[in-house]
Amino acid sequence: MERKTEKVLGFDVDIITYNNALNLVCENIKNKTGMHIITINPEIIEQAHKDNELANIIKEADLVTADGIGIKIALKLKNVSQERIPGVDFAENLLKYCAAENERVALIGAKEEVIIEAKKNLERKYNGIKFVYTHNGYFNETEEDEIINNLVNSSPALVLVATGSPKQDYFIKKCKTRLAKSTFIGIGGAFDVWAGKVERAPEIFQKTGFEWLYRTIKQPERLKRIYKTLPLFLIKAIMDMKK
Ligand code: UDP
């Protein structure tokens with residue numbers, strides 16, 4: 001399928017409905033086509049402007065979904081409507097699909113106790129889900145090679161990597177050459193949500209695009225990170241409007 005994309009500060013973002021993106025990825029999981037999905041937000045774009053390797057990884061990704069509200073606003077400034085595709089929610093629907101279709105899943109990321117709890121909760125929620133490999137997100141280069149070998153041996157159809165950006169993106173890039181049939185998605189702090197360590201915002205915040213506000217109130221340490229990036233990102237997006 002031909003991708004329809006729109007540039008946000010130099011990076012292609014897919015213009016696609018949530019449901020079409022979900023169907024596309026599920027189809028790829030089924031056919032073992034192998035793909036890399038990036039759930040992009042203003043922080044990743046700002047980082048990529050300073051980091052060539054990350055910029056190239058984004059350019060080579062097969063699907064770049066609009067995660068943050070900032071991306072939605074930047075597209076709106078170009079008169080393009082795009083619904084938000086929140087990474088955690090999207091990945092959970094992929095897990096639902098894998099459970100129903102008996103597809104093999106691997107989880108990499110977060111602290112050991114978090115990934116154990118997340119796995120337990122997901123197994124309870126998605127009966128029969130087949131986690132073929134899990135590893136926490138704190139590893140050195142030697143361990144990284146071992147993890148990739150283990151992934152190759154467990155041949156997952158879907159790999160969820162939740163070590164935060166850009167770490168998760170570098171890791172996926174390294175994996176991809178040896179796991180050409182697997183679908184990879186980087187999903188930041190998702191395991192913390194599934195482990196029950198971080199709540200998702202109530203639906204009203206999610207639907208109105210204010211999940212970031214709720215998360216910031218609950219985790220004030222995020223404030224510094226968001227406000228270091230978002231205003232400048234929006235100013236640049238306004239300047240980019242006519243391009
Ligand atoms: N993390 C990790 N390895 C690291 C650094 C972070 O596995 O070396 C995990 C961390 O435990 C947390 C996630 O990565 O679960 C990052 O979450 P964050 O909220 O920063 O990501 P975001 O959702 O904002 O992209």
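Take the chain, compute every pairwise Cα distance, and split them into 5 Å bins from 0; I just need the percent in each bin.
Distribution as computed: 1, 6, 14, 18, 21, 18, 12, 7, 2, 0, 0 percent.
Pairs of alpha-carbon atoms within less than 8 angstrom and 6+ residues apart define the contacts here; what relative contact order does the range 1-142 have, in percent?
On the way: 176 pairs, mean separation 28.9, N = 142.
Normalised by residue count, the contact order of the range 1-142 is 20 percent.
Mean separation of Cα pairs under 8 Å and 6+ residues apart, divided by the residue count of the chain: what relative contact order is that in percent?
Result for the chain is 24 percent.
Can you tell me how much longer the chain between I235 and Q219 gets when fully stretched, taken as 0.36 nm per residue apart minus their C-alpha distance, in nm with one decimal?
3.2 nm
How much accessible surface area, in Å² rounded to 10, belongs to the heavy atoms of S165 with a 1.4 Å probe?
50
Between N23 and K207, what FRET efficiency comes out of the Förster formula 1/(1 + (r/R0)^6) with R0 = 25 Å and r the beta carbon distance, rounded to 0.05?
For K207 and N23, the calculated efficiency is 0.70.
If you put +1 on each Lys and Arg Cβ and -1 on each Asp and Glu Cβ, how big is the dipole of the range 115-243 around its Cα centre, in Debye rounded to 20?
I would put it at about 500 debye.
Which of these, Q47, Q82, Q219, has the largest mean-square fluctuation under a Gaussian network model of the chain (Cα springs below 10 Å)?
The residue that fluctuates most here is Q219.
Determine the shape class of the range 140-243: with a ≥ b ≥ c the square roots of the Cα gyration tensor eigenvalues, call it rounded for a/c under 1.5, and otherwise prolate if a/b is greater than b/c, oblate otherwise.
Prolate, since a/c reaches 1.5 and a/b exceeds b/c.
Charges on Cβ only, +1 for Lys and Arg, -1 for Asp and Glu, centred on the Cα centroid of the range 173-243; of F191, C175, M239, which one is farthest towards the dipole's positive end?
Farthest towards the positive end: C175.
Over the chain, what is the percentage of antiparallel beta bridges among all DSSP beta bridges, to the nearest 5?
In the chain, approximately 15 percent of DSSP beta bridges are antiparallel ones.
For the range 69-157, what log10 I(q)/I(0) values come out of the Debye formula at q = 0.12, 0.15, 0.19, 0.26 1/Å, with one point per alpha carbon and no solvent?
Normalising to I(0) and taking log10 leaves -0.51, -0.71, -0.90, -1.27.
Sort the range 196-243 into rounded, prolate or oblate with this rule: let a ≥ b ≥ c be the square roots of the eigenvalues of the Cα gyration tensor; rounded if a/c is under 1.5, and if a/c is not under 1.5, prolate when a/b is larger than b/c, oblate otherwise. Spell out each step's value before the answer.
Numbers: a/c = 4.04, a/b = 1.77, b/c = 2.28.
Oblate is the answer for the range 196-243, as a/c is 1.5 or above yet b/c matches or exceeds a/b.
Can you work out the base-10 log of I(q)/I(0) for the range 74-117 at q = 0.28 1/Å, using the Debye formula on its C-alpha atoms alone?
The Cα Debye sum returns log10 ratios of -1.04.
If I ignore ligands, DNA and RNA and count only protein heavy atoms, how much of I16 is accessible to a 1.4 Å probe, in Å² to the nearest 10?
About 20 Å², rounded to the nearest 10.
For the chain, with a Gaussian network of springs between Cα atoms less than 10 Å apart, report the residue from A66, A162, A48 with the top mean-square fluctuation.
Ranking A66, A162, A48 by mean-square fluctuation puts A48 first.
For N31 and N153, compute 0.36 nm times the residue count separating them, minus their Cα-Cα distance, and round to one decimal in nm.
42.0 nm
The values are calculated or read from the model by the stated rules, or taken from the named source; none is laboratory data. Note that the structure is predicted; figures quoted are calculated from it, not measured. Note that we place each Cβ from the backbone using ideal geometry, even for glycine, and neighbour counts take in every protein chain shown. What goes into the accessible areas is simple: the full protein's heavy atoms, side chains included, and nothing from ligands, DNA or RNA. Shrake-Rupley method; radii C 1.70, N 1.55, O 1.52, S 1.80 Å.
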